[in-house]
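S.K.: Dropping the structure in here first, questions after.
The values are calculated or read from the model by the stated rules, or taken from the named source; none is laboratory data. Since we're looking at a predicted model, the values are computed, not measured. Using ideal geometry, Cβ is built from the backbone for each residue, glycine included, and neighbour counts are taken over all protein chains shown. Heads up: the accessible areas ignore ligands, DNA and RNA and are worked out on the full protein's heavy atoms, side chains in. Shrake-Rupley method; radii C 1.70, N 1.55, O 1.52, S 1.80 Å.
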Amino acid sequence: QAPPQPKVVTLAILPAESDAFPAAAKAATDSLAQAHGSGVDRTQLSKVSLEVVQLSIECVEATPACYQAVGHSLAADRLLFAQIAPGPKKKQLKVTVSLFDVQVAAPPKTAEAVFKTEKEASSKIGELVTEVTK
């Protein structure tokens, strides 16, 4: 009898989307794609954003239950994603990077920052990614 196969932990990386801040979204996606979470055996880059997956499974709330459903639909054990929103002042943007454990279904581990410009955000997003994946 063969020994049981060890569980392969799959991290799904979801690309960032932002019509208002396309350069920051690209920088976030690039940083996410290079991330290596601890305890992860396999990384898969999703072709669609978190929002698109949520719409497809009809669960659009930012809740552990919805993120868990996203993880199951992607056959992933963990989700890594970034969300970009307008900041408190004009031209500012808030970037939130989240790492969600589908098995635990607790609120995701997040790092967020408000940046004065899209250029500043683009150069610093990698630090947020490192913070949640280390």
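S.K.: Can residue 111 be described as closer than 17 Å to residue 26 by Cβ and open to solvent by less than 30 Å² (accessible area, probe 1.4 Å)?
M.R.: No; evaluated as a whole, the condition is false for this residue.
S.K.: Follow-up. Kindly establish whether residue 46 is among the hydroxyl-bearing types (Ser, Thr, Tyr) and either open to solvent by 60 Å² or more (accessible area, probe 1.4 Å) or over 25 Å from residue 6 (Cα atoms) (or both). I'd like the intermediate steps shown before the answer.
M.R.: Working: among the hydroxyl-bearing types (Ser, Thr, Tyr): yes; either open to solvent by 60 Å² or more (accessible area, probe 1.4 Å) or over 25 Å from residue 6 (Cα atoms) (or both): no.
In short, no.
S.K.: What are the pairs with Cβ atoms under 7 angstrom where one residue, in region 23-34, is under 12 Å from residue 95 (Cα atoms) and the other, located anywhere, is open to solvent by 10 Å² or more (accessible area, probe 1.4 Å) and among the polar types (S, T, N, Q)? Sequence gap at least six, or different chains.
M.R.: 24/18; 24/122; 25/18; 27/122
S.K.: If only one of 129, 60, 102, 95 is surrounded by fewer than 13 Cβ atoms within 10 Å (Cβ to Cβ) and either β-branched (Val, Ile, Thr) or closer than 23 Å to residue 7 by Cα (or both), which one is it?
M.R.: Checking each option against the conditions leaves just 60.
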